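To keep things clear, I will list the structure first and then write my remarks on it.
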Amino acid sequence: MLGDIMKTMIDKKNIIRKALVVLVISCLLLIPGYTFAQTPDVSNDPTPHQPAYIQGKQDLIDVHVPRLLIPTPPLPAERANVDIVELIQQVDESLILGYLENLTSFGPRLTGTEACNQSAQYIYQTFQDMGLSVRFHNYTDSTVSGSNVEATLYGSDSTNIFIVCGHYDTVAPSPGADDDGSGVAAVLAAAEIMRNYEFYHTIRFVCFSGEEQGLIGSRHYAQDAYSNNDTIIAVLNADMIGFAPSSSDGSRGKIYENDASEWIVNYTQDISELYDEYIDIELIPQGETWGSDHYYFWQYGYDAVFYHEYNFNDYYHSAEDTIEHMNISYSTRFTRLILATLAEMALQPRPLLKVSSITGGLGITSVVTNVGDVNASAVNVTITVTGGVFGRLDVSSSDGVDELAPQNSFQSKAKLFRIGNIQIGVTARASNADHVSKHATGLLLGPFVLKLVITP
(Lines give C-alpha, C1' and ligand atoms only; values in the text may rest on other atoms or scores of the structure.)
Protein backbone atom coordinates (compact mmCIF):
# COMPACT_ATOMS: atom_id res chain seq x y z
CA MET A 1 0.00 0.00 0.00
CA LEU A 2 2.79 2.38 0.95
CA GLY A 3 4.63 1.47 -2.28
CA ASP A 4 1.58 2.35 -4.36
CA ILE A 5 1.30 5.72 -2.63
CA MET A 6 5.00 6.47 -3.28
CA LYS A 7 4.68 5.44 -6.95
CA THR A 8 1.68 7.77 -7.38
CA MET A 9 3.61 10.69 -5.84
CA ILE A 10 6.62 10.06 -8.16
CA ASP A 11 4.38 9.91 -11.23
CA LYS A 12 2.78 13.24 -10.25
CA LYS A 13 6.22 14.83 -9.84
CA ASN A 14 7.28 13.58 -13.29
CA ILE A 15 4.15 15.05 -14.84
CA ILE A 16 4.82 18.39 -13.17
CA ARG A 17 8.45 18.39 -14.40
CA LYS A 18 7.37 17.66 -17.99
CA ALA A 19 4.77 20.41 -17.83
CA LEU A 20 7.38 22.89 -16.61
CA VAL A 21 9.76 21.92 -19.46
CA VAL A 22 7.01 22.45 -22.05
CA LEU A 23 6.12 25.80 -20.44
CA VAL A 24 9.76 26.99 -20.51
CA ILE A 25 10.24 25.96 -24.15
CA SER A 26 7.00 27.66 -25.18
CA CYS A 27 8.04 30.88 -23.47
CA LEU A 28 11.45 30.84 -25.15
CA LEU A 29 9.89 30.42 -28.57
CA LEU A 30 7.77 33.50 -27.95
CA ILE A 31 10.89 35.64 -27.48
CA PRO A 32 11.59 37.51 -30.76
CA GLY A 33 14.71 36.23 -32.52
CA TYR A 34 15.18 33.28 -30.18
CA THR A 35 16.15 29.98 -31.76
CA PHE A 36 17.72 26.77 -30.56
CA ALA A 37 21.26 25.85 -31.41
CA GLN A 38 21.73 24.14 -34.77
CA THR A 39 24.58 22.29 -36.41
CA PRO A 40 27.34 24.85 -37.04
CA ASP A 41 27.89 26.12 -40.58
CA VAL A 42 25.03 24.15 -42.15
CA SER A 43 21.93 26.08 -43.14
CA ASN A 44 18.66 24.29 -42.27
CA ASP A 45 16.79 27.35 -43.49
CA PRO A 46 17.68 28.98 -46.82
CA THR A 47 19.61 32.24 -46.91
CA PRO A 48 17.47 35.34 -46.36
CA HIS A 49 18.74 36.46 -49.76
CA GLN A 50 15.78 36.59 -52.15
CA PRO A 51 14.22 38.92 -54.73
CA ALA A 52 12.82 42.05 -53.07
CA TYR A 53 9.58 42.46 -54.95
CA ILE A 54 7.96 39.07 -54.47
CA GLN A 55 6.58 37.49 -51.32
CA GLY A 56 8.27 34.13 -51.67
CA LYS A 57 9.01 31.13 -53.81
CA GLN A 58 5.32 30.63 -54.46
CA ASP A 59 5.41 33.74 -56.64
CA LEU A 60 7.94 32.23 -59.04
CA ILE A 61 6.86 30.51 -62.24
CA ASP A 62 7.10 26.73 -62.06
CA VAL A 63 9.05 24.96 -64.78
CA HIS A 64 8.63 21.29 -65.66
CA VAL A 65 10.80 20.13 -68.56
CA PRO A 66 12.77 16.97 -69.36
CA ARG A 67 16.42 17.25 -68.43
CA LEU A 68 18.76 17.76 -71.37
CA LEU A 69 21.56 15.28 -71.97
CA ILE A 70 24.51 17.23 -70.59
CA PRO A 71 28.13 16.11 -71.14
CA THR A 72 30.05 14.63 -68.23
CA PRO A 73 31.59 17.16 -65.81
CA PRO A 74 35.32 17.95 -65.96
CA LEU A 75 37.68 15.86 -63.87
CA PRO A 76 38.69 17.30 -60.47
CA ALA A 77 41.83 19.42 -60.33
CA GLU A 78 44.64 17.45 -58.70
CA ARG A 79 47.54 19.91 -58.59
CA ALA A 80 48.16 23.63 -58.85
CA ASN A 81 48.54 24.95 -62.39
CA VAL A 82 51.01 27.76 -63.06
CA ASP A 83 48.63 29.18 -65.68
CA ILE A 84 45.87 29.47 -63.09
CA VAL A 85 48.25 31.17 -60.66
CA GLU A 86 49.11 33.69 -63.38
CA LEU A 87 45.41 34.42 -63.89
CA ILE A 88 44.40 34.87 -60.26
CA GLN A 89 47.41 37.04 -59.46
CA GLN A 90 45.94 39.60 -61.86
CA VAL A 91 42.81 39.96 -59.72
CA ASP A 92 43.63 42.78 -57.32
CA GLU A 93 41.68 45.23 -55.20
CA SER A 94 42.10 48.13 -57.61
CA LEU A 95 40.49 46.12 -60.43
CA ILE A 96 37.49 45.14 -58.29
CA LEU A 97 37.14 48.60 -56.77
CA GLY A 98 37.22 50.26 -60.19
CA TYR A 99 34.29 48.19 -61.46
CA LEU A 100 32.37 48.77 -58.22
CA GLU A 101 32.85 52.54 -58.41
CA ASN A 102 31.74 52.65 -62.04
CA LEU A 103 28.67 50.53 -61.41
CA THR A 104 27.49 52.29 -58.26
CA SER A 105 27.97 55.70 -59.89
CA PHE A 106 24.64 55.13 -61.68
CA GLY A 107 22.89 55.07 -58.31
CA PRO A 108 19.99 52.65 -57.69
CA ARG A 109 19.47 50.43 -60.75
CA LEU A 110 15.89 49.22 -60.52
CA THR A 111 15.04 47.23 -63.65
CA GLY A 112 13.12 49.36 -66.13
CA THR A 113 14.62 52.67 -64.98
CA GLU A 114 17.01 54.87 -66.93
CA ALA A 115 19.80 54.19 -64.42
CA CYS A 116 19.46 50.44 -64.99
CA ASN A 117 19.53 50.94 -68.76
CA GLN A 118 22.63 53.14 -68.47
CA SER A 119 24.42 50.53 -66.37
CA ALA A 120 23.54 47.89 -68.97
CA GLN A 121 25.11 50.10 -71.65
CA TYR A 122 28.21 50.48 -69.46
CA ILE A 123 28.53 46.70 -69.05
CA TYR A 124 27.98 46.15 -72.79
CA GLN A 125 30.61 48.74 -73.71
CA THR A 126 33.08 47.33 -71.18
CA PHE A 127 32.74 43.85 -72.67
CA GLN A 128 33.01 45.26 -76.19
CA ASP A 129 36.19 47.16 -75.33
CA MET A 130 37.65 43.84 -74.19
CA GLY A 131 37.20 42.50 -77.71
CA LEU A 132 34.60 39.92 -76.72
CA SER A 133 31.50 38.94 -78.68
CA VAL A 134 28.71 40.85 -76.91
CA ARG A 135 24.91 40.96 -77.16
CA PHE A 136 21.88 42.20 -75.28
CA HIS A 137 19.56 39.36 -74.39
CA ASN A 138 16.27 41.24 -74.28
CA TYR A 139 13.14 39.93 -72.56
CA THR A 140 9.57 41.08 -72.06
CA ASP A 141 7.59 39.86 -69.09
CA SER A 142 4.23 40.65 -67.56
CA THR A 143 6.05 42.22 -64.59
CA VAL A 144 8.91 44.08 -66.27
CA SER A 145 10.96 44.21 -69.46
CA GLY A 146 14.71 44.45 -69.54
CA SER A 147 18.01 43.24 -70.92
CA ASN A 148 20.63 40.76 -69.86
CA VAL A 149 24.15 41.45 -71.13
CA GLU A 150 26.16 38.48 -72.41
CA ALA A 151 29.79 38.35 -73.54
CA THR A 152 31.29 35.19 -75.04
CA LEU A 153 34.86 33.92 -75.17
CA TYR A 154 34.72 31.02 -77.60
CA GLY A 155 36.59 27.81 -76.85
CA SER A 156 39.22 26.54 -79.22
CA ASP A 157 37.83 23.03 -79.73
CA SER A 158 34.53 22.80 -77.94
CA THR A 159 30.97 24.06 -77.95
CA ASN A 160 30.48 23.08 -74.31
CA ILE A 161 29.71 26.17 -72.25
CA PHE A 162 30.63 27.43 -68.78
CA ILE A 163 28.84 30.49 -67.38
CA VAL A 164 29.85 32.99 -64.69
CA CYS A 165 27.10 35.44 -63.79
CA GLY A 166 25.74 38.11 -61.45
CA HIS A 167 22.88 40.61 -61.53
CA TYR A 168 23.33 44.32 -62.11
CA ASP A 169 19.87 45.51 -61.05
CA THR A 170 19.10 46.71 -57.50
CA VAL A 171 16.17 47.62 -55.29
CA ALA A 172 14.80 51.15 -55.57
CA PRO A 173 16.72 52.89 -52.74
CA SER A 174 20.02 51.02 -53.00
CA PRO A 175 23.23 51.65 -54.94
CA GLY A 176 23.76 47.88 -54.69
CA ALA A 177 27.49 47.76 -54.01
CA ASP A 178 27.37 44.28 -52.51
CA ASP A 179 23.98 43.24 -53.92
CA ASP A 180 25.05 42.64 -56.53
CA GLY A 181 27.81 44.99 -57.63
CA SER A 182 30.23 42.53 -56.06
CA GLY A 183 29.05 39.72 -58.34
CA VAL A 184 29.07 41.89 -61.47
CA ALA A 185 32.58 43.13 -60.60
CA ALA A 186 33.68 39.49 -60.38
CA VAL A 187 32.16 38.77 -63.81
CA LEU A 188 33.82 41.82 -65.39
CA ALA A 189 37.18 41.06 -63.75
CA ALA A 190 37.06 37.46 -64.96
CA ALA A 191 36.28 38.64 -68.50
CA GLU A 192 39.03 41.28 -68.46
CA ILE A 193 41.67 38.73 -67.47
CA MET A 194 40.50 35.62 -69.32
CA ARG A 195 40.06 37.40 -72.68
CA ASN A 196 43.85 37.36 -73.10
CA TYR A 197 44.06 33.56 -72.94
CA GLU A 198 42.80 30.63 -74.95
CA PHE A 199 40.49 28.06 -73.39
CA TYR A 200 39.31 24.69 -74.58
CA HIS A 201 35.67 25.34 -73.68
CA THR A 202 33.44 28.32 -74.38
CA ILE A 203 32.92 30.81 -71.53
CA ARG A 204 29.96 33.15 -71.19
CA PHE A 205 30.08 36.19 -68.91
CA VAL A 206 26.47 37.14 -68.16
CA CYS A 207 24.98 40.05 -66.19
CA PHE A 208 21.26 39.72 -65.48
CA SER A 209 18.57 42.28 -64.73
CA GLY A 210 15.12 41.62 -63.28
CA GLU A 211 16.55 39.64 -60.37
CA GLU A 212 14.82 41.69 -57.71
CA GLN A 213 11.45 41.32 -59.48
CA GLY A 214 11.61 37.55 -59.27
CA LEU A 215 14.65 36.22 -61.18
CA ILE A 216 13.00 37.33 -64.40
CA GLY A 217 16.08 38.00 -66.53
CA SER A 218 17.75 34.71 -65.65
CA ARG A 219 14.50 32.78 -66.14
CA HIS A 220 14.19 34.02 -69.71
CA TYR A 221 17.88 33.39 -70.33
CA ALA A 222 17.79 29.81 -69.00
CA GLN A 223 14.59 29.12 -70.93
CA ASP A 224 16.17 30.29 -74.20
CA ALA A 225 19.34 28.30 -73.51
CA TYR A 226 17.22 25.19 -72.98
CA SER A 227 15.23 25.83 -76.16
CA ASN A 228 18.50 26.22 -78.07
CA ASN A 229 19.87 22.94 -76.64
CA ASP A 230 22.87 24.82 -75.25
CA THR A 231 25.34 22.41 -73.67
CA ILE A 232 25.94 24.34 -70.45
CA ILE A 233 28.18 22.28 -68.17
CA ALA A 234 28.20 24.58 -65.13
CA VAL A 235 26.83 27.95 -64.02
CA LEU A 236 28.76 29.90 -61.36
CA ASN A 237 26.45 32.55 -59.89
CA ALA A 238 28.08 35.24 -57.72
CA ASP A 239 25.61 37.24 -55.65
CA MET A 240 26.79 39.24 -52.61
CA ILE A 241 30.42 38.22 -52.15
CA GLY A 242 31.79 41.41 -50.57
CA PHE A 243 30.61 41.78 -46.95
CA ALA A 244 32.95 40.56 -44.21
CA PRO A 245 33.05 42.78 -41.12
CA SER A 246 35.41 40.51 -39.17
CA SER A 247 38.59 38.61 -40.02
CA SER A 248 36.86 35.27 -39.41
CA ASP A 249 34.06 36.26 -41.82
CA GLY A 250 36.74 37.13 -44.38
CA SER A 251 38.12 33.60 -44.39
CA ARG A 252 34.83 31.80 -45.08
CA GLY A 253 32.19 31.74 -47.78
CA LYS A 254 28.95 29.92 -48.52
CA ILE A 255 27.93 27.94 -51.56
CA TYR A 256 24.40 26.75 -52.35
CA GLU A 257 23.79 23.71 -54.52
CA ASN A 258 21.27 21.05 -55.46
CA ASP A 259 22.13 17.36 -55.59
CA ALA A 260 23.08 17.37 -59.29
CA SER A 261 25.46 20.30 -58.74
CA GLU A 262 27.41 18.91 -55.79
CA TRP A 263 30.32 18.16 -58.12
CA ILE A 264 30.78 21.94 -58.59
CA VAL A 265 30.98 22.37 -54.80
CA ASN A 266 33.67 19.68 -54.58
CA TYR A 267 35.48 21.18 -57.55
CA THR A 268 35.50 24.68 -56.03
CA GLN A 269 36.62 23.37 -52.64
CA ASP A 270 39.54 21.61 -54.34
CA ILE A 271 40.46 24.87 -56.07
CA SER A 272 40.28 26.72 -52.76
CA GLU A 273 42.75 24.28 -51.22
CA LEU A 274 45.10 24.16 -54.20
CA TYR A 275 45.38 27.96 -54.39
CA ASP A 276 44.86 28.78 -50.73
CA GLU A 277 47.91 31.05 -50.72
CA TYR A 278 46.05 33.46 -53.03
CA ILE A 279 42.44 32.85 -51.94
CA ASP A 280 42.28 31.98 -48.22
CA ILE A 281 38.55 31.25 -48.19
CA GLU A 282 37.02 28.08 -46.78
CA LEU A 283 33.88 27.28 -48.74
CA ILE A 284 30.97 25.87 -46.72
CA PRO A 285 28.15 24.02 -48.55
CA GLN A 286 24.63 25.11 -47.61
CA GLY A 287 22.26 23.00 -49.71
CA GLU A 288 19.44 24.36 -51.82
CA THR A 289 17.98 27.86 -51.95
CA TRP A 290 15.80 29.50 -54.58
CA GLY A 291 16.66 33.14 -53.99
CA SER A 292 19.14 34.03 -56.76
CA ASP A 293 19.82 33.65 -60.48
CA HIS A 294 21.13 30.09 -60.31
CA TYR A 295 17.61 28.83 -59.56
CA TYR A 296 16.12 28.76 -63.05
CA PHE A 297 19.18 26.99 -64.40
CA TRP A 298 18.32 24.21 -61.95
CA GLN A 299 14.72 24.33 -63.16
CA TYR A 300 15.85 23.82 -66.75
CA GLY A 301 18.13 20.93 -65.81
CA TYR A 302 21.51 22.65 -65.74
CA ASP A 303 24.09 22.31 -62.97
CA ALA A 304 24.64 25.57 -61.09
CA VAL A 305 25.86 26.95 -57.76
CA PHE A 306 25.35 30.20 -55.87
CA TYR A 307 28.38 31.78 -54.17
CA HIS A 308 27.56 34.00 -51.20
CA GLU A 309 29.34 35.79 -48.37
CA TYR A 310 29.48 34.00 -45.02
CA ASN A 311 28.10 36.84 -42.88
CA PHE A 312 24.88 38.18 -44.37
CA ASN A 313 25.11 41.89 -45.16
CA ASP A 314 23.74 44.18 -42.44
CA TYR A 315 22.81 46.77 -45.10
CA TYR A 316 20.93 44.40 -47.41
CA HIS A 317 18.39 46.10 -49.71
CA SER A 318 19.04 49.51 -48.21
CA ALA A 319 20.57 52.85 -49.17
CA GLU A 320 23.55 51.88 -47.00
CA ASP A 321 24.65 49.04 -49.31
CA THR A 322 27.71 51.05 -50.32
CA ILE A 323 31.34 50.37 -51.10
CA GLU A 324 32.30 51.82 -47.71
CA HIS A 325 30.50 48.92 -46.02
CA MET A 326 32.25 46.29 -48.12
CA ASN A 327 35.46 44.36 -47.51
CA ILE A 328 37.29 44.82 -50.82
CA SER A 329 40.02 42.35 -49.89
CA TYR A 330 37.39 39.67 -49.26
CA SER A 331 35.56 40.48 -52.51
CA THR A 332 38.87 40.27 -54.39
CA ARG A 333 39.77 36.89 -52.92
CA PHE A 334 36.27 35.52 -53.53
CA THR A 335 36.58 36.67 -57.14
CA ARG A 336 39.88 34.81 -57.39
CA LEU A 337 38.20 31.65 -56.18
CA ILE A 338 35.44 31.90 -58.79
CA LEU A 339 37.87 32.81 -61.56
CA ALA A 340 40.23 29.95 -60.72
CA THR A 341 37.32 27.48 -60.67
CA LEU A 342 36.03 28.73 -64.01
CA ALA A 343 39.46 28.77 -65.65
CA GLU A 344 40.39 25.29 -64.43
CA MET A 345 37.14 23.89 -65.82
CA ALA A 346 37.41 25.70 -69.14
CA LEU A 347 41.07 24.79 -69.67
CA GLN A 348 40.53 21.07 -69.28
CA PRO A 349 40.59 19.34 -72.68
CA ARG A 350 38.31 16.39 -73.28
CA PRO A 351 38.67 13.33 -75.45
CA LEU A 352 36.38 13.16 -78.45
CA LEU A 353 35.02 9.77 -79.45
CA LYS A 354 33.91 8.91 -82.97
CA VAL A 355 32.26 5.77 -84.33
CA SER A 356 34.59 5.43 -87.30
CA SER A 357 32.92 2.48 -88.98
CA ILE A 358 30.27 -0.23 -88.79
CA THR A 359 30.85 -3.21 -91.06
CA GLY A 360 29.15 -6.53 -91.68
CA GLY A 361 30.34 -9.96 -92.77
CA LEU A 362 30.60 -12.61 -90.09
CA GLY A 363 28.74 -10.66 -87.43
CA ILE A 364 28.95 -6.90 -86.89
CA THR A 365 32.21 -5.04 -86.32
CA SER A 366 32.44 -1.46 -85.06
CA VAL A 367 35.50 0.74 -84.74
CA VAL A 368 35.58 3.64 -82.27
CA THR A 369 38.38 6.23 -82.46
CA ASN A 370 39.49 8.87 -79.97
CA VAL A 371 39.94 11.90 -82.23
CA GLY A 372 40.57 14.23 -79.27
CA ASP A 373 43.80 15.40 -77.67
CA VAL A 374 43.75 13.48 -74.37
CA ASN A 375 43.17 9.91 -73.24
CA ALA A 376 39.61 8.66 -72.99
CA SER A 377 38.99 6.74 -69.78
CA ALA A 378 36.73 3.73 -69.15
CA VAL A 379 35.60 3.48 -72.77
CA ASN A 380 32.55 1.29 -73.34
CA VAL A 381 31.06 0.36 -76.73
CA THR A 382 27.59 -1.19 -77.04
CA ILE A 383 26.23 -2.76 -80.23
CA THR A 384 22.45 -3.26 -80.32
CA VAL A 385 20.59 -5.22 -83.00
CA THR A 386 16.81 -5.38 -83.45
CA GLY A 387 14.48 -6.70 -86.15
CA GLY A 388 14.77 -10.07 -87.84
CA VAL A 389 11.90 -12.31 -88.87
CA PHE A 390 8.71 -11.28 -87.00
CA GLY A 391 10.76 -8.52 -85.31
CA ARG A 392 11.75 -10.79 -82.45
CA LEU A 393 15.46 -10.06 -82.53
CA ASP A 394 16.65 -7.78 -79.72
CA VAL A 395 20.23 -8.35 -78.62
CA SER A 396 23.11 -6.22 -77.40
CA SER A 397 26.81 -6.75 -76.95
CA SER A 398 29.17 -4.57 -74.88
CA ASP A 399 32.93 -4.35 -74.76
CA GLY A 400 35.40 -1.81 -73.44
CA VAL A 401 38.90 -0.67 -72.66
CA ASP A 402 40.36 1.19 -69.68
CA GLU A 403 42.20 3.85 -71.71
CA LEU A 404 42.03 4.93 -75.33
CA ALA A 405 44.88 7.23 -76.36
CA PRO A 406 44.44 10.09 -78.84
CA GLN A 407 44.15 8.91 -82.46
CA ASN A 408 43.87 5.29 -81.31
CA SER A 409 40.96 3.00 -82.15
CA PHE A 410 39.09 0.23 -80.40
CA GLN A 411 37.32 -2.57 -82.26
CA SER A 412 34.32 -4.46 -80.92
CA LYS A 413 32.28 -7.28 -82.45
CA ALA A 414 28.79 -8.74 -82.08
CA LYS A 415 28.02 -12.30 -83.26
CA LEU A 416 24.45 -13.24 -84.25
CA PHE A 417 22.50 -16.07 -85.82
CA ARG A 418 19.11 -15.11 -87.23
CA ILE A 419 17.35 -14.29 -90.52
CA GLY A 420 15.77 -11.03 -91.64
CA ASN A 421 16.24 -7.29 -91.94
CA ILE A 422 17.93 -5.71 -88.93
CA GLN A 423 18.57 -2.30 -87.40
CA ILE A 424 21.97 -1.72 -85.84
CA GLY A 425 23.04 0.87 -83.28
CA VAL A 426 26.54 1.51 -81.93
CA THR A 427 27.04 3.75 -78.90
CA ALA A 428 30.43 4.68 -77.41
CA ARG A 429 30.87 6.20 -73.96
CA ALA A 430 33.76 7.24 -71.75
CA SER A 431 33.90 8.53 -68.18
CA ASN A 432 35.42 11.82 -69.37
CA ALA A 433 33.83 12.25 -72.81
CA ASP A 434 30.43 12.81 -74.38
CA HIS A 435 28.71 9.72 -75.74
CA VAL A 436 28.38 9.24 -79.52
CA SER A 437 26.16 6.96 -81.62
CA LYS A 438 25.89 5.71 -85.18
CA HIS A 439 23.16 3.62 -86.84
CA ALA A 440 22.88 1.22 -89.78
CA THR A 441 20.58 -1.32 -91.41
CA GLY A 442 21.39 -4.70 -92.91
CA LEU A 443 20.22 -8.17 -93.86
CA LEU A 444 21.00 -11.05 -91.52
CA LEU A 445 21.36 -14.52 -93.03
CA GLY A 446 22.38 -16.91 -90.31
CA PRO A 447 25.67 -15.55 -88.89
CA PHE A 448 26.31 -13.26 -91.85
CA VAL A 449 25.38 -9.57 -92.09
CA LEU A 450 24.87 -8.39 -95.66
CA LYS A 451 23.81 -5.18 -97.41
CA LEU A 452 24.87 -3.00 -94.48
CA VAL A 453 23.97 0.68 -94.98
CA ILE A 454 24.84 3.54 -92.62
CA THR A 455 21.74 5.59 -91.76
CA PRO A 456 21.43 9.19 -90.46
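The values are calculated or read from the model by the stated rules, or taken from the named source; none is laboratory data. All of these numbers come straight from a predicted model, not from anything done at the bench. Because the Cβ atoms are built from the backbone with ideal geometry, glycine has one as well, and the counts that use them run over all protein chains shown. Just so you know, the surface numbers come from the protein's heavy atoms only, side chains and all, with ligands and any DNA or RNA stripped out. Shrake-Rupley method; radii C 1.70, N 1.55, O 1.52, S 1.80 Å.
Per residue, the stretch 258-389 exposes 32 Å² of solvent-accessible protein surface, assessed with a 1.4 angstrom probe and all protein chains in place.
Think of each Lys and Arg Cβ as +1 and each Asp and Glu Cβ as -1; about the Cα centre, that makes the dipole of the stretch 165-212 roughly 260 debye. Normalised by 2.2 N^0.38 Å, where N is the number of residues, the C-alpha radius of gyration of the chain stands at 1.25.
Taking all protein chains into account, the per residue accessible area for the stretch 118-214 stands at 29 Å² (1.4 Å probe). Ordering 200, 369, 342 by the projection of their Cα atoms onto the charge dipole of the chain, which places +1 on the Cβ of Lys and Arg and -1 on the Cβ of Asp and Glu, puts 369 at the extreme positive end.
Please figure out what share of the DSSP beta bridges in the stretch 172-322 is antiparallel and state it in percent, rounded to the nearest 5. Beta bridges within the stretch 172-322, antiparallel portion: roughly 40 percent. Debye-formula intensities of the stretch 53-164, expressed as log10 I(q)/I(0) at q = 0.12, 0.24 Å⁻¹, are -0.74, -1.36 (one equal scatterer per alpha-carbon, no solvent).
Here the accessible area is traced with a 1.4 Å probe on the protein chains. For the stretch 36-195, carbon and sulfur cover 49 percent of it. Each part reduced to its alpha carbon centroid, the stretch 233-247 and the stretch 408-447 end up 48 Å apart. Exposed loop sites are taken as trypsin sites (Lys or Arg not before Pro) in a DSSP loop (any state but H, G, I, E or B) with at most 13 other beta carbon atoms within 10 Å; the longest stretch of the chain without one runs 80-391. Scattering from the stretch 185-252 was approximated by placing one identical point on each alpha carbon and applying the Debye formula without solvent; log10 I(q)/I(0) at 0.21, 0.23, 0.25, 0.28 1/Å stands at -1.08, -1.14, -1.19, -1.26.
Distance from the C-alpha centroid of the stretch 118-151 to that of the stretch 363-396: 46 Å, rounded to the whole angstrom.
Restricting attention to the chain, the count of lysine pairs at 8 or more positions apart or across chains with alpha carbons under 25 Å apart stands at 11. Per residue, the convex hull spanned by the alpha carbons of the stretch 265-405 comes to 184 Å³. Farthest toward the positive end of the dipole of the chain, out of 431, 214, 145, is the Cα of 431, where the dipole comes from beta carbon charges about the Cα centre. Restricting attention to the chain, close to 80% of DSSP beta bridges with both partner residues there are antiparallel.
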